[in-house]
Amino acid sequence: PAERNTMLLADLTFAALAKPAAAPHPTPATREQADQTSNWAPLVNLIGEHLTSDFMFMGEAEGIFLYKHSQTRQYLNIDKFGQTYSYNGNCRGYNLINRQTAIVHAFDLNSGLLTERDRGHLVAELAKVLGRPTEGSFASFVWEWSNSRNTPSDLAARTMREAGYTPFEGYPLVRQS
């Protein structure tokens, strides 16, 4: 009996390991098939389809579509016109905020969840999506990040080139080694 129990346990363990892991949420290609009630268009229109894979559709409230980032656990709230909102839980509901602020919040660019290389890639992609801003909350983040002692200057310079910033724009200023 002890040998039989060991064999049964080994079989169950193997079966559990052999099972493919389920995707945490539908991929962009299968979202429409997986959930007919989801509305991905506002998110895709705001940040592009290539940056949506880490988001989950959480529903709609007051005409605002709610998307939650699977890693940062932060929300990106967007209406059908592409306007972005923050949620104030003190009975005030949703407040209109600018797009840069909403994106910096949702991607939680200051968090320790990203390696500097991954952060650099994401900064370059978001800068393109936002039109390479030189003012506002995203631009402020880029300036602080690119001049941080924790960010290698070659990575910051490469990220700025990938984002499409030119030295003649004078922004963002990248620390010299």
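State all residues of the range 81-96 that are open to solvent by 50 Å² or more (accessible area, probe 1.4 Å) and part of a strand (DSSP E or B); if no residue qualifies, say none. Give the derivation first.
We begin by selecting, within the range 81-96, every residue open to solvent by 50 Å² or more (accessible area, probe 1.4 Å); these are 81, 83, 87, 89-92, 95-96.
Within the range 81-96, 87, 95, 96 qualify.
Can you find, within the range 48-79, the residue that is least open to solvent (accessible area, probe 1.4 Å) among those that are assigned to a loop (DSSP other than H, G, I, E, B) and of a type in the set (Val, Ile, Thr)? Quick ask: steps written out before the conclusion?
Quick first cut of the range 48-79, residues assigned to a loop (DSSP other than H, G, I, E, B) only: 48, 52-54, 62-63, 70-74.
Now narrow it down to the ones that are of a type in the set (Val, Ile, Thr): 52, 72.
Details: 52: 0, 72: 17 Å².
Going through the qualifying residues, I end up with 52.
Sort out which residues of the range 97-108 are out of contact with any strand residue (DSSP E or B) (no Cβ under 6 Å at 6 or more places or on another chain), open to solvent by 80 Å² or more (accessible area, probe 1.4 Å) and in a helix (DSSP H, G or I), and write them in order of number. Break it down into steps so the answer makes sense when it comes.
Kept after step one, since they are out of contact with any strand residue (DSSP E or B) (no Cβ under 6 Å at 6 or more places or on another chain), are these residues of the range 97-108: 98, 100-101, 103-105, 107-108.
Among the residues that remain, those that are also open to solvent by 80 Å² or more (accessible area, probe 1.4 Å) are: 98, 105.
Scanning the range 97-108 gives a single hit, 105.
Looking at the range 88-102, is at least one residue touching a Ser or Thr at 6+ places or on another chain (Cβ under 7 Å) and under 19 Å from residue 53 (Cβ atoms)?
Yes: the range 88-102 contains one or more residues that are touching a Ser or Thr at 6+ places or on another chain (Cβ under 7 Å) and under 19 Å from residue 53 (Cβ atoms).
Among the residues of the range 109-120, write down those that are within 20 Å of residue 136 (Cα to Cα) and open to solvent by 50 Å² or more (accessible area, probe 1.4 Å).
From the range 109-120, those within 20 Å of residue 136 (Cα to Cα) are 109-111, 119-120; that's our starting set.
Scanning the range 109-120 gives a single hit, 110.
The values are calculated or read from the model by the stated rules, or taken from the named source; none is laboratory data. Since we're looking at a predicted model, the values are computed, not measured. Reconstructed Cβ throughout: ideal geometry from the backbone, glycine too, with neighbour counts over all protein chains shown. Side chains included, ligands, DNA and RNA excluded: accessible areas come from the protein's heavy atoms. Shrake-Rupley method; radii C 1.70, N 1.55, O 1.52, S 1.80 Å.
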